[in-house]
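Okay, structure first, notes after.
Nothing in this text is a laboratory measurement; each read-out follows from the coordinates by a stated rule. From a predicted model like this one, the values you see are computed outputs, not experimental measurements. Note that each Cβ is placed from the backbone with ideal geometry, even for glycine, and that neighbours are counted across all protein chains shown.
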Amino acid sequence: MLRGTPFHSRTGALCQSQNWRRWAGYVVAGSYELTHDREYYAIRSSAALIDVSPLHKYMIRGPDAVRFLDRVVTRDVSRCALGQVLYTPWCDETGKVIDDGTLARLGEETFRLTAAEPNLRWLHDNAAGLRMTIEDVSDSTAALAIQGPASREILSGVSDAGVDGLRFFRVTSTNVRGIPVTISRTGYTGDLGYEIWVDSERAEALWDALMEAGGPYGITPAGILALDVARIEAGLILIDVDYVPAHRALIESRKSSPFELGLGWTVKLNKGAGNFVGSKALEQEKRRGSEWQFRGLEIDWQSLEKLYGEVGLPPQLPTVAWRTSVPVYANGKQVGYATSGCWSPILKKYIALAHLQSGHAEPGTKLQIEVTVEHHRKRAAATVTETPFFDPERKRA
Amino acid sequence: MSKEGGADYDAIVIGGGHNGLVNAAYLARAGKRVLVLERRHLVGGATVTEEIYPGFKYSVCSYVVSLLRPEIIRELDLPSHGLEILPLNSTVTPLPNGDYLARWADHDHTRRELYRHSARDAEAYDDYGKLMYHLAFAVKPIMAMVPPDPTSLSPKDLRGLLKLGRHFRSLGEERFHALFKLMTMSASDFLDEWFETEPLKATMSASGIIGTFLGPRSPGTAYVLLHHYMGEIDGAFRAWGFARGGTGAIAEAIAGAARRFGAEIRTEAGVARVTVKNGRATGVVLESGDEISARVVVSGLDPKRTFLKLIEADQLPTDFVDSIRRFKIRGSSGKVNLSLSELPNFTCLPGEGPHLRGAISISPSVDYLERAYDDAKYGDFSRRPYMDIIIPSMIDPGMAPPGKHVMSIFVQYAPSDLKGGWDETRREAFGDAVIDTLAQYAPNLPGAILHRQVLTPWDMERDIGLTQGNIFHGELSLHQLFFLRPAPSWADYRTPLENFYQCGSGTHPGGGISGASGRLAALTVLQDWKR
Ligand SMILES: Cc1cc2nc3c(=O)[nH]c(=O)nc-3n(C[C@H](O)[C@H](O)[C@H](O)COP(=O)(O)OP(=O)(O)OC[C@H]3O[C@@H](n4cnc5c(N)ncnc54)[C@H](O)[C@@H]3O)c2cc1C
């Protein structure tokens with residue numbers, strides 16, 4: 001049946017809403033309280049504790065680990081320093097994204113790759129003839145994100161050395177109250193924050209330590225509803241929502257390349273290691289130009305007010321982030337579709353992430369997005385923007 | 001087509017199997033006066049529910065439905081005649097070592113379970129599913145199409161072939177190759193390219209051997225794997241399942257639709273032969289000696305019975321009779337139906353659980369299946385047979401008295417040509433082998449049996465009228481499919497005799513409860529009528 005994560009004894013006791021969501025064969029809290037507002041604000045103003053154990057995790061070890069990873073992912077792994085973490089997608093032969101995740105260099109020949117979908121078979125298929133091993137540690141490793149402005153202080157307070165000076169997208173091995181962990185300064189919120197990787201057996205003890213130490217700072221367990229709002233503000237894509245993984249797509253047009261997902265910066269066509277899976281196709285796409293772009297949309301408040309005003313209402317906005325495909329128009333013609341959106345409590349803006357045809361994706365372009373006002377489909381004005389929508393200095397500082 | 005009046009009926013359909021009934025319903029729907037003649041006391045043929053032991057209903061032969069054409073469900077409005085298909089969506093394979101392999105309705109749940117056996121297979125399973133989905137989508141039009149004759153130059157046949165060609169080109173190279181492999185490989189070899197878990201490969205390959213006289217390692221068995229995925233893409237959402245009331249309820253629903261359109265259905269009215277004048281069918285003679293005339297006669301019996309029993313040999317071209325004689329129709333399957341005082345208690349999953357509401361497959365390894373086939377190859381029934389089991393009363397409690405159960409066990413192999421021949425003793429020995437095998441996985445089973453019905457090909461021939469007990473009216477091997485089913489140049493439901501048509505499972509697209517043959521034959525008859 002569906003399984004709880006290694007933190008389930010703790011999250012289960014706290015989840016007053018009984019709002020559980022499925023994630024990769026596990027159940028995790030959607031929200032702990034009846035509404036997720038406080039959990040969201042913890043991410044932005046104090047600290048939130050988020051169970052991210054359902055991520056798939058693979059340990060890749062061996063003298064050819066770098067060679068292997070350079071063959072699979074789009075980033076340049078040979079330039080990944082010890083203790084560095086890379087965010088990277090990986091592609092199929094046609095340069096379409098299979099999945100995305102983080103790659104942490106834990107040792108000279110040791111990496112941990114996280115993925116949203118099971119990828120063991122794909123990794124194995126690409127490892128033929130190389131001197132390295134791939135171990136699926138998804139179940140044996142639990143993961144906990146502590147995110148928010150207070151996260152550094154809380155975490156340094158309970159861990160041995162290493163956290164205070166840990167830079168953005170770096171990783172270190174240390175102990176939290178005697179529990180061996182690795183801590184990376186990464187997360188899915190676009191805020192100051194860390195992800196803590198721990199042996200599943202010690203998961204509960206880690207949770208207890210952080211909850212106790214974070215108490216004075218207002219640490220709050222947060223569910224994935226709050227996380228969803230934060231990640232949209234941060235412009236971070238979500239598999240199966242913002243893109244269809246290439247291996248699951250039933251038709252070609254459902255697939256996206258990294259360029260089409262706003263991940264062009266992760267595509268290193270001139271790696272020292274040479275070609276990687278999909279690099280030929282990506283090279284061509286780069287030369288030719290991509291058909292699609294992935295952008296932010298800011299939905300015009302006055303336009304919303306006008307549409308709702310016509311039926312005698314103030315604008316009604318969804319209280320949780322939405323994850324449906326919503327058409328986007330330019331001069332009456334559909335030029336794209338938004339795949340997730342929410343009211344941003346911190347920016348006080350209605351925002352969305354959208355796939356737009358390249359001709360209509362310049363930041364500043366005025367478009368229209370479909371909104372359903374009292375059962376009728378209307379179009380509200382929206383402006384193309386760069387992402388992230390929200391990018392606080394503390395994230396990198 | 002003769003326009004002369006005076007015939008008793010516009011059309012006589014011989015055999016009230018589900019295909020005959022579908023055929024009659026479509027003809028009646030078009031305003032024809034139709035008579036269905038069924039030899040037994042009830043309609044349905046291999047699609048019947050019977051209460052042989054009081055209070056317990058057996059889906060005597062066929063037991064699950066997945067291929068029933070959605071257009072038939074729609075056009076005959078079968079739900080309004082009582083068709084209800086209940087979900088049946090897990091398959092558990094108990095293993096001799098006390099473990100099991102399960103595939104559940106939920107994707108994550110299945111992945112976890114497969115992962116327990118092989119991390120690789122857990123992922124390959126999704127990719128495999130995607131490929132099969134595409135291939136089923138590609139093959140689907142064939143299922144609903146009158147086979148064109150590739151040797152004919154008629155515009156209609158050429159158009160049909162062209163359409164097919166274009167269709168397959170659209171598949172793309174990689175999938176076209178996969179389809180070609182599927183057409184030529186053995187189920188076991190094909191699955192070896194994907195999976196490493198033995199019980200997974202065995203259970204999947206089993207769908208390739210059902211109804212054939214082949215083993216999982218025989219070439220050509222891979223193709224049938226596709227059929228499993230057909231149901232999924234076919235519009236009739238969740239059409240894979242158990243018909244409430246047993247498969248007989250499907251036949252009853254179709255009969256109800258036929259009657260509503262005005263068809264007459266007569267049971268205990270076996271047909272002795274078809275009357276032929278000047279190369280044209282003119283009616284039938286019943287076993288009782290009564291004669292009934294009709295402008296058109298359609299046979300829903302298998303090709304052997306249709307052409308070698310109902311028609312005098314000298315009325316048909318010799319080469320045609322030869323190809324019907326060569327048509328392979330060896331039976332290989334048996335069926336055991338049980339009335340139970342309590343549920344089977346499987347050692348691998350003790351107690352009452354969701355596994356008892358799905359299929360249970362005795363197919364621990366490909367070797368196991370191949371060994372079962374070896375017995376049959378040399379004229380014996382399998383000592384340790386392959387079995388596909390469901391407990392209908394767990395899905396539809398109306399199948400047994402409260403708290404009691406019925407079990408349906410499909411078994412392979414039981415060769416029609418048993419060395420020394422079948423008789424009652426051999427039949428019960430076969431039944432014993434089945435129960436004995438099953439008892440290794442569910443030790444309480446023998447003690448729970450209140451009644452048992454064993455069907456061998458011998459029984460199926462005698463009771464249901466299936467030549468050699470072949471469950472599909474002829475093997476579903478590639479040389480007997482599409483424009484070759486049942487004979488070259490006669491795959492379009494017409495026959496060498498004018499006004500005489502065929503509509504049983506021995507015609508394209510072949511066996512199983514699909515109704516496609518019955519429907520396509522009716523459309524062909526109606527088309528000729530217009531000429
Ligand atoms: C044991 C078994 C298990 C099966 N399991 C499944 C399954 O789970 N799912 C599935 O989809 N398919 C299954 N099948 C196959 C499926 O049942 C058949 O392919 C299908 O029912 C055949 O239908 P039909 O109408 O073509 O022929 P039939 O059902 O064979 O109908 C022919 C009819 O003609 C009658 N008849 C015969 N001779 C005469 C005569 N001289 N005069 C008048 N009437 C006559 C017979 O009594 C019969 O009613 C199974 C078959 C068997 C035998």
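General observations
- Positive-end residue, the stretch B:156-201 charge dipole about Cα centroid, Cβ charges, pick of B:Leu161, B:Trp194, B:Phe180: B:Leu161
- Mean shadow area of chain B over all directions, Cα convex hull, nm²: 23.4 nm²
- For chain B, excluding the exposed loop sites themselves (chymotrypsin sites (Phe, Trp or Tyr not before Pro), DSSP loop, at most 16 other Cβ atoms within 10 Å), the longest remaining stretch covers B:1-193.
- Phi angles across the stretch B:108-123 convert, under the Karplus curve 6.51 cos²θ - 1.76 cosθ + 1.60 with θ = phi - 60°, into 3J(HN,Hα) values of 5, 4, 5, 4, 4, 5, 5, 4, 4, 8, 6, 4, 5, 5, 4, 7 Hz, Gly and Pro given as x.
- Cα-based convex hull volume of chain A per residue, rounded to whole Å³: 147 Å³
- Placing +1 on the Cβ of every Lys and Arg and -1 on the Cβ of every Asp and Glu, with nothing else charged, gives the protein assembly as shown a dipole about its Cα centre of roughly 1980 debye.
- Charge dipole magnitude, Cβ of K and R +1, D and E -1 - the stretch A:292-394, Cα centre, debye nearest 20: 180 debye
- Net charge, B:Gly262 excluded, C-beta distance under 11 Å - Lys, Arg +1, Asp, Glu -1: +3
- Where a label projected 7 Å from the Cα of A:Gln84 along Cα→Cβ would reach, residues of the stretch A:163-191 with amide N under 17 Å: A:166-172, A:184-186
- Overall shape: prolate for the stretch A:43-152, with the ratio a/c of the largest to smallest alpha carbon gyration tensor axis at 1.5 or above and a/b above b/c.
- Chain B - mean residue ellipticity at 222 nm from DSSP helices (-39,500 (n - 2.57) per run, n ≥ 4, rounded to 500): -10500 deg cm²/dmol
- Residue among A:Gly262, B:Ile329, A:Ala127 farthest towards the positive dipole end of the protein assembly as shown, charges placed on Cβ: A:Gly262
- Radius ratio Rg over Rh of the stretch B:101-170, counting only Cα atoms, Kirkwood formula for Rh: 1.28
- Choice from A:Glu370, A:Glu252, A:Glu117 with maximal GNM fluctuation in chain A (Cα, 10 Å cutoff): A:Glu252
- For chain B, the longest principal axis of the Cα atoms and the long axis of helix B:516-530 meet at an angle of about 10 degrees.
- Relative to its residue count, the protein assembly as shown spans a Cα convex hull of 203 Å³ per residue.
- Residues whose placed amide H lies under 5 Å from that of B:Arg273, excluding near-sequence neighbours: B:Val285
- Whole-number percent relative contact order across chain B, with pairs defined as alpha carbons under 8 Å at least 6 apart: 24 percent
- The calculated Kirkwood hydrodynamic radius for the stretch B:134-264 is 17.5 Å, given to one decimal from all distinct C-alpha pairs.
- With θ taken as phi - 60° and the Karplus curve 6.51 cos²θ - 1.76 cosθ + 1.60 applied, the whole-hertz 3J(HN,Hα) list for the stretch B:256-267 is x, 5, 4, 5, 4, 7, x, 6, 9, 10, 10, 9 Hz, x standing for glycine and proline.
- The stretch A:256-285 and the stretch A:313-373 have Cα centres lying 28 Å from one another.
- Average Cα contact separation per residue, chain A, under 8 Å, 6 or more apart, as relative contact order %: 17 percent
- Global geometry of the stretch B:380-531, whether rounded, prolate or oblate, following the gyration tensor of its Cα atoms and the 1.5 cut on a/c: prolate
- Assuming charge only on the beta carbon of Lys and Arg (+1) and of Asp and Glu (-1), the dipole of chain A about its Cα centre is about 740 debye to the nearest 20.
- Along each principal axis, taking the top coordinate minus the bottom one, the Cα set of the stretch A:202-354 gives 57, 51, 27 Å in descending order.
- Based on every Cα atom in the stretch A:66-112, Rg and the maximum pairwise Cα distance Dmax equal 10.5, 32 Å.
- Compared with the dominant principal axis of the Cα atoms in chain B, helix B:366-377 is inclined by about 50°.
- Between amide H atoms placed 1.01 Å from N, distances below 5 Å from A:Ser340 occur with A:Leu353, all of them 5 or more places distant or on a separate chain.
- Only helical runs count toward this figure. For chain A, summing -39,500 (n - 2.57) over DSSP H runs of n ≥ 4 and dividing by all residues gives -5500 deg cm²/dmol at 222 nm.
- Most mobile listed residue (A:Val176, A:Val66, A:Val241) in chain A, GNM with C-alpha springs under 10 Å: A:Val241
- Tensor-based shape of the stretch A:292-394 (alpha-carbon gyration tensor, a/c under 1.5 rounded, otherwise prolate or oblate): oblate
- GNM flexibility winner over chain A from A:Thr186, A:Thr35, A:Thr220 (Cα, springs under 10 Å): A:Thr35
- Low-density loop cleavage sites - GluC sites (Glu not before Pro) in the stretch B:313-412, where at most 15 other Cβ are within 10 Å (DSSP): B:Glu342, B:Glu352
- Helix B:223-233 vs. chain B, principal-axis angle (Cα, 0 to 90°, nearest 10): 90 degrees
- Centroid-to-centroid separation of the stretch B:30-71 and the stretch B:416-476 [C-alpha atoms, Å]: 20 Å
- Backbone phi angles across the stretch B:283-292, fed through the Karplus curve with coefficients 6.51, -1.76 and 1.60 (θ = phi - 60°), yield HN-Hα couplings of x, 9, 10, 7, 4, 6, x, 4, 10, 10 Hz in residue order; Gly and Pro are listed as x.
- With the charge dipole of the protein assembly as shown set up from +1 on Lys and Arg Cβ and -1 on Asp and Glu Cβ about the Cα centre, the Cα lying farthest toward the positive end among the listed residues A:Val277, B:Ala249, B:Pro385 is that of A:Val277.
- Treating each Cα of the stretch B:1-96 as one equal point scatterer and applying the Debye formula with no solvent, the log10 of I(q)/I(0) at q = 0.23 Å⁻¹ comes out as -1.33.
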